[in-house]
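Report on the following structure.
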Amino acid sequence: MSHVRLIDIDKYYGSYHALKSVNLTVDKGEFIVMVGPSGCGKSTTLKSIAGLEAISSGEIWINGRNVTREEPGDRGIAMVFQSYALYPHMTVAENMGFGLKMAKRPQAEIDVAVKRAAEILRITDQLDKRPKELSGGQRQRVAIGRAITRSPEVFLFDEPLSNLDAALRTQMRVELTTLHQQLGSTMIYVTHDQVEAMTMASRIVVFNKGVIEQQGAPLELYHNPVNQFVAGFLGAPRINFVAATLVNLRDGVAEVALEGASTVHVPVADTAGLTNGAKLTLGVRPEALKIGDVPDAALSFDAQVRLVEQLGRETVLYVDAGPLAAIGSESGTHNFTVQLGTAAPYAAGQSIKVSARAADLYLFAPDGKAVNRPKLIAASL
């Protein structure tokens with residue numbers, strides 16, 4: 001059942017078109033994560049749902065009500081901010097119960113709601129403290145607890161973990177996911193951190209320049225991006241892109257030429273508008289690249305290791321493939337990134353051979369649209 005619905009949302013800041021006909025439906029109990037680069041429109045969308053930003057046109061519906069012109073306090077939402085927004089002079093219990101107090105609810109009801117939220121978040125021993133006595137993670141729990149006590153229709157999270165260190169971020173990711181499972185509430189979460197998106201979301205919504213590029217389950221977007229932007233945004237380390245030229249197209253297979261390498265044959269599904277000589281982009285994820293010969297390899301090249309990152313459970317190599325240059329690489333160079341699933345004894349300066357199968361290659365048209373879906377093609381072979 002639709003719980004939140006955005007219909008043709010446009011938002012202008014003067015002449016700047018921040019949101020462009022955004023349509024989104026969120027089902028009851030979903031955990032939606034909106035991601036995208038800075039300025040893409042994800043936070044503006046969240047604030048529009050909350051009523052903190054007035055939209056220029058369109059409609060916002062929450063739980064069957066048109067709330068487009070309603071005040072934030074009347075929309076049945078609770079928002080958790082990056083900055084915690086706690087009152088320093090109040091205790092944890094007072095902060096958590098403040099919304100109910102402003103709504104003039106009985107003190108006994110407030111006490112019950114605060115106690116329940118504190119038990120869920122495991123901060124019952126912190127209720128008499130003030131924010132300055134708490135760690136960053138504890139402050140964020142208090143901010144979440146304040147939202148829980150209000151029993152909102154929808155929880156909205158605006159990059160709530162960005163002020164925490166790496167260890168706390170990981171812990172809080174687990175706790176927020178567990179909280180969602182316990183409450184069964186509808187949650188809409190904004191982040192620039194794709195790890196948070198991939199691990200927490202039931203559905204990811206990818207924004208770019210004020211429009212939704214793609215939405216779907218995390219692994220669906222990762223394996224089957226609709227365009228080059230989504231492929232490049234999701235995944236760490238970032239996907240490798242290589243400039244390519246279409247040589248021939250026959251029987252669902254594209255023959256493409258890569259500078260400094262032999263031609264590569266890639267199965268394709270959508271060939272609309274492709275002609276010989278078209279400038280394409282080939283993509284291959286770091287974990288799909290293997291060291292040495294691979295049976296039925298479609299892509300193979302000699303390379304030299306430039307940098308090795310030993311991460312314990314995995315090894316990341318940055319390799320120079322000579323005339324075969326990756327474009328727009330994460331390191332700012334033309335290096336390829338290779339991710340190995342084990343600790344591997346490679347060293348800078350070492351010569352290696354790198355290979356990949358056709359089923360692991362992505363191909364994008366001149367306009368960025370994906371012309372193949374590797375995992376689906378591989379399943380049908």
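The values are calculated or read from the model by the stated rules, or taken from the named source; none is laboratory data. What you are looking at is a predicted structure, and each value in this text was computed from that prediction instead of being measured. Neighbour counts run over all protein chains shown; Cβ positions are idealised from the backbone, glycine included.
Below is a table of values for the structure above.
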quantity: Of all residues in the stretch 64-104 being exposed (fewer than 15 other Cβ atoms within 10 Å of the Cβ) and among the charged types (D, E, K, R), the one that is farthest from V174 (Cα to Cα); calculated: R69
quantity: Residues that are assigned to a strand (DSSP E or B) and among the aliphatic types (A, V, I, L, M), drawn from the stretch 53-72; calculated: I60, I62
quantity: Residues within the stretch 224-247 that are among the aromatic types (F, W, Y) and surrounded by fewer than 22 Cβ atoms within 10 Å (Cβ to Cβ), tallied; calculated: 2
quantity: Qualifying positions in the stretch 53-71 - among the acidic types (D, E) and under 21 Å from E30 (Cβ atoms); calculated: E59
quantity: Unique residue being farther than 28 Å from T177 by Cβ and within 34 Å of the chain's Cα centre (by Cα) when the list is R116, R130, R122, R105; calculated: R130
quantity: Yes/no for T45 being farther than 24 Å from G232 by Cβ and modelled with pLDDT of 95 or more; calculated: no
quantity: Residues (of a type outside the set (D, E) and over 17 Å from F155 (Cα atoms)) located in the stretch 99-113; calculated: K101, M102, A103, K104, R105, P106, Q107, A108, I110, V112
quantity: Every residue from the stretch 1-38 that is without any contact (Cβ under 8 Å) to a residue 24 or more places away in the chain and farther than 21 Å from F155 by Cβ; calculated: Y13, G14, S15, Y16
quantity: Failed condition for Q107, given (1) modelled with pLDDT of 90 or more; (2) surrounded by 18 or more Cβ atoms within 10 Å (Cβ to Cβ); calculated: (2)
quantity: Selection from the stretch 127-160 of residues that are touching a residue at least 60 places away in the same chain (Cβ under 8 Å) and either surrounded by fewer than 16 Cβ atoms within 10 Å (Cβ to Cβ) or over 24 Å from G73 (Cα atoms) (or both); calculated: none
quantity: Single match in G312, G322 (criterion: assigned by TED's automatic domain parsing to the domain that holds V247, touching a residue at least 60 places away in the same chain (Cβ under 8 Å), on the phi > 0 side of the Ramachandran plot and part of a loop (DSSP other than H, G, I, E, B)); calculated: G322
